[in-house]
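J.: Dumping the structure here so I can ask a few things about it.
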Amino acid sequence: MPAQQLTVWPQAAVYDSTAEAPQPDGLVGAHRSRRVGSGTEFSGIRPFAPGDRLRRISWPVSLRTGELQVVTTRAEQDASVLVVVDALRHIGVSGGVDGRASSLDLTVRAASALSEHHIRRGDRVGLRVVGSSDLRVPLGSGPRHLHRLTGTLARVLPDTSP
């Protein structure tokens with residue numbers, strides 16, 4: 001019987017992180033932006049400068065200090081996560097799903113878990129595989145995009161060039 005090629009989806013490891021991330025419900029942008037912009041989350045109060053919007057003037061603070069003060073806010077934006085998989089070197093031998101994992105097996109499983117975690121949180125996720133295949137998936141979100149990311153990770157092969 002002739003050999004047949006079978007594509008196997010990566011077994012995603014459970015994503016666990018000790019880093020805290022805010023999880024507000026019902027807000028645009030699940031993560032606090034570091035950039036000041038025209039959002040709704042309070043950032044601070046500063047002196048008025050040419051070009052500031054008049055509706056941003058804080059009249060109570062301006063009356064108290066004697067000069068115009070404006071409220072600054074943080075920009076509302078979603079996190080964009082770019083997962084980069086290094087397929088240039090392959091250390092170890094892959095033992096399959098239940099066998100010993102090679103370095104590329106661990107990398108693909110971790111990338112799959114990381115992608116799934118961020119997609120489920122509503123973030124936009126992209127993928128770039130560095131190696132001979134040079135696979136790329138642009139930023140996107142949703143279950144359909146997660147399916148595309150996982151399918152692309154299943155096609156990752158180690159670089160065989162010297």
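J.: Of the residues that make up region 111-120, is at least one within 15 Å of GLY151 (Cα to Cα), assigned to a strand (DSSP E or B) and modelled with pLDDT of 90 or more?
T.: No, there is no match, as no residue in region 111-120 is within 15 Å of GLY151 (Cα to Cα), assigned to a strand (DSSP E or B) and modelled with pLDDT of 90 or more.
J.: Quick one: in region 108-147, of everything that is hydrophobic (A, V, I, L, M, F, W, C) and out of contact with any Lys or Arg (no Cβ under 9 Å at 6 or more places or on another chain), which residue is surrounded by the most Cβ atoms within 10 Å (Cβ to Cβ)? Write out each step before concluding.
T.: Applying the first criterion (hydrophobic (A, V, I, L, M, F, W, C)) to region 108-147 yields 108, 110-111, 113-114, 119, 125, 127, 129-130, 135, 137, 139, 146.
Filter once more, so that each one left must be out of contact with any Lys or Arg (no Cβ under 9 Å at 6 or more places or on another chain): 108, 110-111, 113-114, 119, 125, 130.
Values: VAL108: 24, ALA110: 16, ALA111: 24, ALA113: 17, LEU114: 18, ILE119: 22, VAL125: 26, VAL130: 13.
In this case the residue turns out to be VAL125.
J.: In region 84-107, what residues are without any contact (Cβ under 8 Å) to a residue 60 or more places away in the chain and either outside the structural domain of GLY131 (by TED's automatic domain parsing) or exposed (fewer than 12 other Cβ atoms within 10 Å of the Cβ) (or both)?
T.: VAL84, ILE91, VAL93, GLY95, GLY96, ASP98, GLY99, ARG100
The values are calculated or read from the model by the stated rules, or taken from the named source; none is laboratory data. These numbers were taken from a predicted model, which means no experiment stands behind them. Heads up, the Cβs are rebuilt from the backbone with ideal geometry, glycines too, and the neighbour counts pull from every protein chain shown.
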